[in-house]
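The values are calculated or read from the model by the stated rules, or taken from the named source; none is laboratory data. Every value quoted in this text rests on a predicted model; they were computed, and no experiment measured them. Don't worry about glycine lacking a Cβ; one is built from the backbone with ideal geometry, like all the others, and counts go over all protein chains shown. Side chains included, ligands, DNA and RNA excluded: accessible areas come from the protein's heavy atoms. Shrake-Rupley method; radii C 1.70, N 1.55, O 1.52, S 1.80 Å.
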Amino acid sequence: MAKYKSLFTIIGTIWGINFYELLGKPVSRKAGGGFTREAIKTKASMIRVRENNSEFGHCSRLNKVFRQALRPFYVQHKFPLFHSRLMTLFTGLKALDPVNGRGQRLVYRGLELDEGKRSLVRFTYTPDCKPKNVLPFDFEMDWDTYTLTIPKFQMKQVSFISGATHIALQFGVLDFNFKTLDYKLHLADSLVLAKDFAGDSLSFAVAETPAGLGLELGVIGIRYYQDIDGELYLLKAKEGVGISVLSVKD
């Protein structure tokens, strides 16, 4: 793969060279060298390719819906590699499936295991802005009342990015069925806190109780703002948005 310079962007194949965009930059590579579609569908030697394609397609469809479900946490922000990061998560969860064989393994089967649920919590969704680093506190999740509490909060310990004067915290419970891909996100009122906030505890409670569509995830989101003449402006730096799954209901 190579980058190229041109007065205009070329998309397509010319003289055996594929031209396309990758992360907004024009790149090129030699065309061909792969297997034909017919060979992949029919040849016995391609069985592993067919199995991988089937499972990849399953994870990709799930990935798209899951990103849509989380969209309120990062609206107006672009994550160029968010899809590929989540593919890493979902292919790992699929591999935990204890029921189905290769080519038919499913993410929801992996999430029936405690190890799978722990993977959702341990995964780093936004490496440029990790909520648990920004907010180095203990979180308490009460699943009976769907309430998240930070009992020992101190603003001086909160990390701020350059230019930020305020931080916005958003909590929600994502009720997500990893089998049917049905979901509903239940959001608590967001909190926008200035650097001089003096409170010593925070609490979030969703207004509507989830109906039990599927697995229930407690999600925290972080956004940064800058106060200019009394108006708050969203900062769109790559480290300006953070998302994390804090807890999964048993």
Practice task
Would you confirm whether any residue within the stretch 100-117 is within 30 Å of residue 225 (Cβ to Cβ) and assigned to a helix (DSSP H, G or I)?
Solution key: no
Problem - Given (1) open to solvent by 40 Å² or more (accessible area, probe 1.4 Å); (2) among the β-branched types (Val, Ile, Thr); (3) assigned to a helix (DSSP H, G or I), index of the condition residue 75 fails - result: (3)
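Hey, does the stretch 170-180 have a residue that's among the basic types (Lys, Arg), under 24 Å from residue 59 (Cβ atoms), in contact (Cβ under 8 Å) with a residue 12 or more places away in the chain and touching a strand residue (DSSP E or B) at 6+ places or on another chain (Cβ under 9 Å)? Quick ask: steps written out before the conclusion?
Initially, the stretch 170-180 is screened for residues among the basic types (Lys, Arg), giving 179.
Pick out the ones that are also under 24 Å from residue 59 (Cβ atoms) and you get 179.
Those still in the list that are in contact (Cβ under 8 Å) with a residue 12 or more places away in the chain too: 179.
If we keep only those that are touching a strand residue (DSSP E or B) at 6+ places or on another chain (Cβ under 9 Å) as well, we get none.
Scanning the stretch 170-180 turns up no residue that is among the basic types (Lys, Arg), under 24 Å from residue 59 (Cβ atoms), in contact (Cβ under 8 Å) with a residue 12 or more places away in the chain and touching a strand residue (DSSP E or B) at 6+ places or on another chain (Cβ under 9 Å).
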Fill in the blank from the handout: Per the filter on the stretch 240-250, residues surrounded by 18 or more Cβ atoms within 10 Å (Cβ to Cβ) and not in a strand (DSSP E or B) are 240
Exercise for the section: May I ask you to verify whether residue 227 is out of contact with any Cys (no Cβ under 7 Å at 6 or more places or on another chain) and at pLDDT below 95? Expected result: no
Handout entry: Test: residue 181 is assigned to a loop (DSSP other than H, G, I, E, B), under 25 Å from residue 79 (Cα atoms) and among the aliphatic types (A, V, I, L, M)
Key = yes
Completion exercise
Taking the stretch 118-134 and keeping only residues that are outside any helix (DSSP H, G or I), touching a Gly at 6+ places or on another chain (Cβ under 7 Å) and not hydroxyl-bearing (Ser, Thr, Tyr), one is left with 129, 130
Fill in the blank from the handout: Out of (1) touching a residue at least 12 places away in the same chain (Cβ under 8 Å); (2) charged (D, E, K, R); (3) over 24 Å from residue 187 (Cβ atoms); (4) out of contact with any Lys or Arg (no Cβ under 8 Å at 6 or more places or on another chain), the one residue 117 does not meet is (3)
Exercise for the section: Only residues that are surrounded by 20 or more Cβ atoms within 10 Å (Cβ to Cβ) and among the charged types (D, E, K, R): list them for the stretch 103-116, please. Expected result: 105
Exercise for the section: Name, by its number, the condition in (1) open to solvent by 70 Å² or more (accessible area, probe 1.4 Å); (2) under 16 Å from residue 245 (Cα atoms); (3) free of Cβ contacts under 8 Å to residues at least 12 places away in the same chain that does not hold for residue 144. Expected result: (2)
Practice task
Could you please let me know if residue 130 is modelled with pLDDT of 95 or more, under 24 Å from residue 225 (Cβ atoms) and over 21 Å from the mean Cα position of the chain (by Cα)?
Solution key: no
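With respect to residue 78, is the statement that it is over 25 Å from residue 214 (Cβ atoms), of a type outside the set (S, T, N, Q) and without any contact (Cβ under 8 Å) to a residue 24 or more places away in the chain true? Show your work before the answer.
Values: over 25 Å from residue 214 (Cβ atoms): yes; of a type outside the set (S, T, N, Q): yes; without any contact (Cβ under 8 Å) to a residue 24 or more places away in the chain: yes.
So residue 78 fits the description; yes.
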Problem - Given (1) of a type in the set (D, E, K, R); (2) at pLDDT below 90; (3) open to solvent by less than 40 Å² (accessible area, probe 1.4 Å), number of the condition residue 97 does not satisfy - result: (2)
